[in-house]
1. Going highest first, how would you order 324-332, 654-662, 531-539 by mean Cβ packing within 10 Å?
2. Give the carbon-plus-sulfur fraction of the accessible surface of the chain in %, rounded to a whole number; probe 1.4 Å, heavy atoms of protein chains only.
3. Listed highest first by mean packing, meaning other Cβ atoms within 10 Å per residue, what order do 390-399, 236-245 come in?
4. Take Glu76 and Thr64, extend 7 Å from each Cα along the Cα→Cβ direction, and tell me the distance between the two endpoints in nm.
5. Tell me, what is the FRET efficiency for Ser509 and Asp487 to the nearest 0.05, using R0 = 22 angstrom and their Cβ-Cβ distance as r?
6. I'd like the distance separating the alpha-carbon centroids of the range 221-241 and the range 131-185, in whole Å.
7. So what is Rg over Rh here for the range 156-243, counting just Cα atoms and using Kirkwood for Rh?
8. Extending each Cα 7 Å along its Cβ direction at Lys387 and Trp561, get the distance between those two points in nm, one decimal.
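The values are calculated or read from the model by the stated rules, or taken from the named source; none is laboratory data. Keep in mind the model is a prediction, meaning the values are calculated, not measured. Heads up, the Cβs are rebuilt from the backbone with ideal geometry, glycines too, and the neighbour counts pull from every protein chain shown. In case anyone asks, the SASA skips ligands and DNA or RNA and just uses the protein heavy atoms, side chains included. Shrake-Rupley method; radii C 1.70, N 1.55, O 1.52, S 1.80 Å.
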Amino acid sequence: GEDESEKDVESVCPYCGVGCLLTYHVKDDKIQWTDGRDGPSNHNRLCVKGRYGYDYSRSPERLTKPLIRREDAPKEADPQIDPANPYTHFREATWEEALDRAGYDLRNIRDKYGSQALAGFGSAKGSNEEAYLFQKLVRTGFGTNNVDHCTRLCHASSVKAMLEMIGTGGITNQVEDVARAEVIVVIGANPPVNHPVASSFMKNAAQNGKKLILIDPRRTDMAPHADYMLQFQPDTDVALLNSMMAAILEEGLVDEEFIRSHTSGFEALQEHLAAYSPDHMEPITGIPAETIREVSRLYATSEGSMIFWGMGVSQHSHGTDNARALIDLALMTGQIGRPGTGLHPLRGQNNVQGASDAGLIPMVYPDYQPVNDTATQEKFEQFWGSKLDDQLGLTAVEIFNEAHEGNIKGMYIMGENPAMSDPNLRHSRESLVHLENLTVQDLFLTETAFYADVVLPASAFQEKLGTYTNTDRRVQMGRPALSLPGDARQDLDLIQEIARRLGLDWNYSGPREVWEEMRQCMPSIAGMSWERLDREDSITYPCPTEDHPGTPILFLDKTFWTQDGKAHFQTADFTRAKELPDDEYPFVLITGRQLEHWHTGSMTRRTQVLNAIEPMATLSMHPEDLRQMGLQPGDKVRTYSRRGSVDLATRADDGLHRGQVFLPFAYHEAAANLLTTDVLDPDAKIPEFKYCAVQIQPS
Ligand code: SF4
C-alpha cells in the first residue's frame, strides 16, 4: 500500500531566475530526489543545482533556536570564529525573549533617534508575500523608506535605464522566444553557469540555425555554440555598443517608421554617435570594425533579434549607461514589441523580480509606484492605514555608509548576507559593528549573523508556501515539502511578530491573505487569484483581470509605459572604470558565480553534492599569466587590492584576457568582496563588482 510518509510535492527551484518547476519526492520528512516538471520555463529540464541542491535545508548547521549575543562577546569587524564552535558569541534564548529584544530594541531606536535611524534588508530568496510584508513593516512600522535588497547589487542599473526609456523594468520577451528569434545576442552574461536551463534553450535555438552572437570579455562555455564571439576589452561596453549603432546608422539600417511613430530623442543620439565609428572604436574595444559591421547588420536586418544581458553589463560605475546603449540599439532598429525580439535582463535570484515588484526597494511602493509622488503616497497611506515617509529611502550600500557614520543604528536583515555580498567588505563589516541593534533572520549563522544582537531561526524554501516571480515575469507557486526543524519558524510569522512589537496590529493568517492584499494595490497581478495560481501554477503578469491569459510579450501595440507612451532614446558616453590597473595593482579582477555555487554560498556550500564538486575558492587566470609568474594551476597565491587580501589557489582559464582574473564570491574563507571597490554607478547606485585593480603574489 501507499506509505503515508511518502509524498510528491510540486514546487519551484529555489535558486536562479529561470524558475524551473520541479517535484520533490519526500519520504520520512526528507527529500529523496527531485524531478523537473513540464513547466513553461524548463520543460522537464533541471540543472545540477535544481537536481541536487536541496539538502542544505537539513544541514546539521541549521539554526533551530533563537540566539542572543552574549554580554561579554564584543562585536569585531574581523571576528575570530572557531569553525568547530561558531556559537561561542551567542546564547540560546526563548522565542519571547528574542523577539522582545529584537522588536523592542528596534522600536526604542525609532523612538529615540527617529525613523531614519532604522533600515531593513529583505530577500530575493523569500516569497512575494514575505517581500511585501517586509517592506510594509519597514514603511509603516519603522516609518522609513530605507528598505532594499540584493537587486541593488544586481540589475538596479538595468531597471533604472528601462524605466526611464520604456517605462518598465521587467523583461519584454520571455526566454522561450529564442525559438522565434533569428538573432540572439547574449552580452555580459554567462548563461551556462548562471541560467543553465535557459542556456540550454539558447543552445537548441543555435542548433536550429538561429544566429547566436556572444559579447563578453570572457570566452564562456557558450562560445562553442555561437556564430560570433566578440571578446572585447573589459569595461568598454559603451564604446562597443555605440560603435554598433554607428555602423547601423552608416549603412542606413535604422527603422525610420518605428523611430518616427513610437520614440523621441533620436536626433540627439544620432549626433552623439558620430564620435563612435567602428574604425575609431576598434583600438579601444579590440573588436575589428568589419566584425562590428557584420554583427550590427545581422542584428538590425533580421526578422527578430533578441538581447539577453547579465551582471557583466549592469555591475559597473557606468552600468546604467551600458543598459541605455542596449535599449537604444533595440529601439533604433525596431527590434522590440514583436515575438522573438526585445530586451531581457536575465534575473539572477529566483525571486529578485518578485521582490522588486512587491516594493522591496527604497524609491517605490509595490508595482513601482513612486514614494515621492504625493497622490501615490496618500493612496498608500489610506490603504495601509498609516502615515508614510515622503523621502526617498537609502539604497543598500548607502545604508551601510550611514551605519558607518553612526546615522543608522538599527537594522533588520532577513535572508541576505551583506557581510559577504557587499563590496569593500571591511567597510561593510565595520558598519555592522556600529549598529546598536542588528536582528538577523536566516537559516544559518551566516557571516552577517556573526554581527547580530539577535538571530531568528527561519524557514527554508522547502518548508514554506508562497509565490515566486521568475525572470520571465511568471508568478509561480512554491509549496512546502518538509516540516520546520527544531524551533525554527515561518519567516512570514516572524515579520509579523516584529511588526506587532513596533505597534502594528497585524494578524495575517498566511501567504494567501497577504497575496490577496497585494492584488488590491498591484494592478499587474490583480487577475491572479490564489486559486488560479494554485491551479495554473504559472501566470505571466501583467494580468489585470481573472479571465486574462497573462502577457508574455510587452508592447505589441508599440505603446510604451512612459508618460507619453513613447520610448525615449538616451545617449551614453564612454567612460572608464573608477579604478584602473597600474604598476602596483596590474590585474583586473572580475567577480561572479560558478555553476555549482550560489551567491554567498550559505546554501550550496552546505549541500553535499555541490560542495563536493567545487569545494574550494580558486582564482582563474590566463595560462600565459600563470606561466610568466612561474605558477602552476593549483598553486597558492595571495591576491590583494587597496582594500584587502585573500589567499587561494589558482586555476587556468584561457577564456580570460591576459591581465584579467576571475574570482567567485561564494567562499567565506577567501571572500572576493574584501577586494572589490564600493564605487557606485551615480544613477542606480550599483557597485562596480566587475572591475577593480588587484595584485597577485605566490604565497
Ligand atoms: Fe534551478 Fe535555475 Fe537550475 Fe532551473 S536553471 S534548476 S531554476 S538553478
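1. Working: 324-332: 26.3, 654-662: 18.2, 531-539: 15.7.
So the peptides 324-332, 654-662, 531-539, ranked by packing, come out 324-332, 654-662, 531-539.
2. Working: 11330 of 24370 Å².
Roughly 47 percent of what the probe reaches on the chain is carbon or sulfur.
3. Working: 390-399: 20.9, 236-245: 26.1.
Result, highest mean first: 236-245, 390-399.
4. 3.0 nm
5. Values: r = 21 Å, r/R0 = 0.96.
Efficiency, from the Cβ-Cβ distance: 0.55.
6. 25 Å
7. On the way: Rg = 13.7 Å, Rh = 14.0 Å.
Here Rg/Rh amounts to 0.97.
8. Those two pseudo-labels are separated by 3.3 nm.
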